[in-house]
Amino acid sequence: METNPTSEIRDPRSAFGGPLGAAVDWIADFGGVLIDWLIGLGNIATFSLRTFGWLLVRLPRKETILPNFYQIGVLSLPVVALTGTFIGMVLVVQSYVQFRNMHLEAKLGAVINMSLVRELGPVLAATMLAGRVGSAMAAELGTMRVTEQIDALVTMGANPIHYLVVPRFLGCLMLIPALTIMADFMGVAGAFFYAVYLLGIDSHHYLENSRHFVGNFDLFVGVFKSLFFGAAIAIIACYRGFNCDPGAEGVGRAATTAFVYSFVMILLLDLLLGIALDGIYYALWPEAPKLF
Amino acid sequence: MKIVMVATATHISDSRRPLIQMEGVKVDFGRQHVLRDIDLTVSRGKTLAVIGESGCGKTVLLKTIIGLLRPTRGSVRFDGRNLAELSERELTGQRIRFGFLFQQAALFDSMTIAQNIGFSLRQHTNKGANEIRNVVLARLAEVGLPENILGKKPAELSGGMRKRVGLARALALEPEIMLYDEPTTGLDPIMSDVINELILSTRRQHPVTSIVVTHDMRTARKVADRVVMLYPLPRLRADEPQIIYDGPSDRIEQAADNRVSQFVRGEARERLMEMRQLNGR
Ligand SMILES: Nc1ncnc2c1ncn2[C@@H]1O[C@H](COP(=O)(O)OP(=O)(O)OP(=O)(O)O)[C@@H](O)[C@H]1O
Ligand SMILES: [Mg+2]
């Protein structure tokens, strides 16, 4: 990626004074922000397209892929497993009292496992990935940008997108399903443990209800959504790193904005995909069992 | 799977044509103008030194030549082809004919020294691990570094050592064109001279065209056929050319323009007066 010194947006400050001038200034500022935002959107779209393009043309070598996969997948497992377990237990703690008041303890398993598998597992795994891996990637690539290592790659005839972004993108995309399943599993196990052994809910009913309401489609929905989360995390983190501002401050900001933007994007995608997939589900199985 | 080294571009090219031709090049960063109306040609097999005070745009000049920066106006021709008209792939093909020593070395800090030096060999040749290792060892010896640093990471080396690793890395593919950004800055006098000798011997071994950005007049005099001096734009009148000296390296001290002779002799008197005037305002 070349740094392009040509982009220059003129600042059309008004020649008016007084309140009219202030209003014109405000509109100009607002327009400026809007334009910057649109340019950013266009840049990140081009960045993604170039990444996808390389996926079709030529994959990176094993030596560049494997270390990234190790970082993204293996090293993230413990923290995903741990947080998954706790989320499962917390859900039971939170819902138990309300369900008991309505005499619906037996349905607890259905509700909890459904939300784990559909929502919390994938979102949690993605959040952990964004925090642990996304911000680290942004900081690493940002440092490479600031210390001219990315320029050095270019001068040595290596394409930085192919060499740096594609392995990270593939790692996030291919390993986030595994992380999601890990979060699901540990969450389900943690919830079961808490509900059955600590709260004394009847395990037969707990499991029966879960089995009746939570189907393969729900598991699929969770894993399917996670693919989008993984892709978004990798693209946002790499893009922030590549467009890092100079200096230590720039690198720090690249890391934090990578996390914040990824997190917002995860929630946004979750909402949109949730709506779309629900539509598909009831179109396919109109007679599907409803909870109440 | 690899971009195999293209030897084809050399034999089509006309050997009398200058290798690098800059015409009317202008480079801006936002509102800051750094280079303006630069016309510069570098002939095959010659060594050009670029001097000029800190911040005048020497690094920007090198980066424009290799296509890391796009000129705002004007054109850079390499071997007769306008860089701006090349596709990404063609540009890559041209870039591997260059070696670039970055001012801060820009070593890949996730890789060992051996991997750094061997990087372009692994990317662009079909050499096996042993062959690559031999080239790496040879390059390392040329820049006067011991073998035991091969397994280290760049962060474990001193600044001068990093610079020399950067030089070894840039020379690994035996490029046709070498761009050196201050090759001897930060080195002791002896090591500086080792690097000067290396630049000269590289040229004897195969016909390499070089551009050496330097603050070191000894280096300029020793390695260069020709010296160009850039002057910072903000202190130049609108009608003055930015290149204030362009000529042989041995007569630069007697240059008519006293900005040049003062720079070469390292006299700060006039500059100090100018700075005092600025501060006094
Ligand atoms: N990426 C960039 N963005 C904005 N301004 C830049 C950038 N790179 C260089 N400049 C500006 O261009 C001018 C010239 O910089 P350059 O690095 O070419 O100087 P130089 O001649 O190499 O100096 P030195 O001898 O100190 O290395 C400086 O004023 C610098 O502020
Ligand atoms: Mg410089």
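Below, the figures for the structure above:
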| read-out | value |
| --- | --- |
| Qualifying residues in the stretch A:119-160 (those that are polar (S, T, N, Q) and touching a residue at least 24 places away in the same chain (Cβ under 8 Å)) - the one nearest to A:P177 (Cα to Cα) | A:T127 |
| Selected residue (criterion: farthest from A:N159 (Cα to Cα)) from residues of the stretch B:68-119 that are at the interface with chain A (Cβ under 8 Å from one of its Cβ atoms) and β-branched (V, I, T) | B:T72 |
| In the stretch B:89-112, the residues that are part of a strand (DSSP E or B) and either more than 16 Å from ligand 2 (Cβ to nearest atom) or of a type in the set (S, T, N, Q) (or both) | B:F98, B:G99 |
| Set A:L104, A:L108, A:L91, A:L116: member being surrounded by fewer than 22 Cβ atoms within 10 Å (Cβ to Cβ) and either in contact (Cβ under 8 Å) with a residue 12 or more places away in the chain or among the aliphatic types (A, V, I, L, M) (or both) | A:L104 |
| Pairs with Cβ under 8 Å, 6+ apart, first in the stretch B:205-228 and away from chain A (no Cβ under 14 Å), second within 14 Å of ligand 1 (Cβ to nearest atom) and part of a helix (DSSP H, G or I) | B:V212/B:T219; B:V212/B:A220; B:V213/B:K58; B:V213/B:T59; B:V213/B:L61; B:V213/B:L62; B:T214/B:A220; B:V227/B:A220 |
| Per-region count, the stretch B:152-183, residues over 16 Å from B:T47 (Cα atoms) and either among the hydrophobic types (A, V, I, L, M, F, W, C) or crowded, with 21+ Cβ neighbours inside 10 Å (or both) | 15 |
| Residues (assigned to a helix (DSSP H, G or I) and either more than 12 Å from ligand 1 (Cβ to nearest atom) or within 11 Å of another protein chain (Cβ to nearest Cβ) (or both)) located in the stretch B:53-67 | B:T59, B:V60, B:L62, B:K63, B:T64, B:I65 |
| Flag for B:G159 being in contact with a Gly (Cβ under 7 Å, 6 or more places away or on another chain) and within 16 Å of ligand 1 (Cβ to nearest atom) | yes |
| Helices (runs of 4 or more DSSP H) within the stretch A:124-213 that include 2 or more residues modelled with pLDDT of 95 or more | A:135-146, A:149-155, A:166-192 |
| Filtered residues of the stretch B:17-38 (kept if surrounded by fewer than 20 Cβ atoms within 10 Å (Cβ to Cβ) and within 16 Å of ligand 2 (Cβ to nearest atom)) | B:F29, B:Q32 |
| Condition check for B:M275: within 21 Å of the chain's Cα centre (by Cα), at pLDDT below 90 and farther than 12 Å from B:L48 by Cα | no |
| Evaluation of B:R89 against (1) away from ligand 1 (no atom under 16 Å from the Cβ); (2) modelled with pLDDT of 90 or more (one fails), failing number | (2) |
| Filter result (among the polar types (S, T, N, Q), surrounded by fewer than 15 Cβ atoms within 10 Å (Cβ to Cβ) and within 16 Å of ligand 2 (Cβ to nearest atom)) within the stretch B:39-88 | B:S54 |
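The values are calculated or read from the model by the stated rules, or taken from the named source; none is laboratory data. Remember, predicted model here, so these are calculated numbers, not experimental data. No Cβ is skipped: glycine too gets one built from the backbone with ideal geometry, and neighbour counts run over all protein chains shown.
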